[in-house]
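Everything below concerns the one structure shown next.
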Amino acid sequence: MSIHAVKRSQCHLAWDNSIPPAIHVASGDTITFDCLDASNGQITPTSTASTLASLTLTSLDQVNGPVFVAGAEPGDTLRVDVLEVRVAEWGWSALIPGFGLLADEFPVPALKIWSLPPEDMPVRAEGEGRYAWFDERRGIRIPLRPFAGEMGVAPGKTGAHSTIPPYRTGGNVDTRHLTEGSVLYLPVEVDGALFSIGDGHAAQGDGEVCGTAIETPMKVTVRLTVVKDKRYVKTPHFISRNPHPTDEQFYTTTGVDSDIREATRAAVRHMIEFLETDYGLSKVDAYMLCSVAGDLRMHEVVDMPNYVIGFMLPKSIFTKG
């Protein structure tokens, strides 16, 4: 087994099987990636909401790589063991006009810069003792569970494919459960798999409803192994830990509608109203809090014509009752 490194400069802005590999590794090798945040360095700790107007959107969600894994062939599976994730001492969340589940209801740009624990403190998947203040005066803090929002392999289909959406080969899956200690399985469609990674998140809720998590630069170490006997893996599969303590309590709002998307929007909208009324948050702050801390759930999908979608917020983030 060998250890390799991929630099910040070794990145790309599309999933494309014609992109030359940044490095070649053997199956079972370990690779450390040094990744900028999802803004590709356009947002900094001193940025303000006015910065969002000048973002070059085509430069967002870059990924580091690709990594050619020897022995990987179409039909194989690439096993990705997430060994370590470290984040910077700052992060950001934003409302970007035109982006997010309730984009039509939040047309004005907004930016929150977060202060995160020092980099020399190891970041563990459980988030024990690690949190960032969302609103210290109100006693609202967010446990850190860092992960890479983008992990994927090159698609078999030729051409450049945006890094913004997810695909059956992975990509921008934004799945908060892929923290340190998790295992991700990806279907291989090209020789060498061509694995890439990026989009560091210090914390995120299931759904990432406002369009951003706590976005941050990260250093992430993974082990890449070719697996030959999992042909049933045709989309991302993973093994992970429960992100919440077993005795966690939640406040849950619901949306009920015959349209899943509208039921989802209603569930989030109702949570925002709850946070405004009971905790005195502004509508913008409540929307951001939902994105970094709340979890969407499909509670009921069989009694047609309506679906029940829940939005669950852990009560432990509120330290003042």
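The values are calculated or read from the model by the stated rules, or taken from the named source; none is laboratory data. Because the structure is a prediction, the values reported are computed rather than measured. Here Cβ is always computed from backbone atoms with ideal geometry, including for glycine, and neighbour counts include all displayed protein chains. For accessibility, only protein heavy atoms count, side chains too; no ligands or nucleic acids. Shrake-Rupley method; radii C 1.70, N 1.55, O 1.52, S 1.80 Å.
Some points to look at:
- Placing a pseudo-label 7 Å from each Cα along the Cα-to-Cβ vector at THR48 and GLN249 gives an inter-label distance of 4.1 nm.
- Taking every protein chain into account, the 1.4 Å probe leaves LYS320 with about 130 Å² of accessible area, to the nearest ten.
- Ranked order, HIS24, HIS12 - accessible area, probe 1.4 Å, largest first: HIS24, HIS12
- Helix-derived mean residue ellipticity, 222 nm - over the chain, DSSP H n ≥ 4, -39500 (n - 2.57), to 500: -3000 deg cm²/dmol
- Folded to 0 to 90 degrees: helix 283-293 orientation relative to the chain principal axis, Cα: 40
- DSSP bridge pairs, the chain: antiparallel proportion in percent, nearest 5: 90
- A simple spin-label model places the labels of LYS228 and MET298 3.6 nm from each other, with each point 7 Å out along Cα-to-Cβ.
- Annotation: Cα Rg of the chain relative to the compact-globule expectation 2.2 N^0.38 Å equals 0.99.
- Test item: Cα-centred dipole of segment 223-278, Lys/Arg +1 and Asp/Glu -1 on Cβ, debye: 840
- Spherically averaged projected area in nm², based on the convex hull that wraps the Cα atoms of segment 20-105: 8.5
- Cα-centred dipole magnitude for the chain, charges only on beta-carbon of K, R (+1) and D, E (-1), debye, nearest 20: 360
- Across q = 0.10, 0.15 Å⁻¹, segment 180-321 modelled as identical point scatterers on its alpha-carbon atoms has Debye log10 I(q)/I(0) values of -0.47, -0.93, in the order of the q list.
- Most mobile of GLU73, GLU248, GLU150 in a GNM of the chain (Cα contacts under 10 Å): GLU248
- When the Gaussian network model of the chain links Cα atoms closer than 10 Å, the mean-square fluctuations of ASP61, ASP257, ASP206 top out at ASP257.
- For segment 10-166: span of alpha carbons on each principal axis (Å, largest first): 54, 36, 25
- Angle of helix 260-279 to the longest C-alpha principal axis of the chain, folded into 0 to 90 degrees and rounded to 10: 50°.
- Taking the protein heavy atoms of the chain in the context of the full set of protein chains, the accessible area attributed to carbon and sulfur is 53 percent at 1.4 Å.
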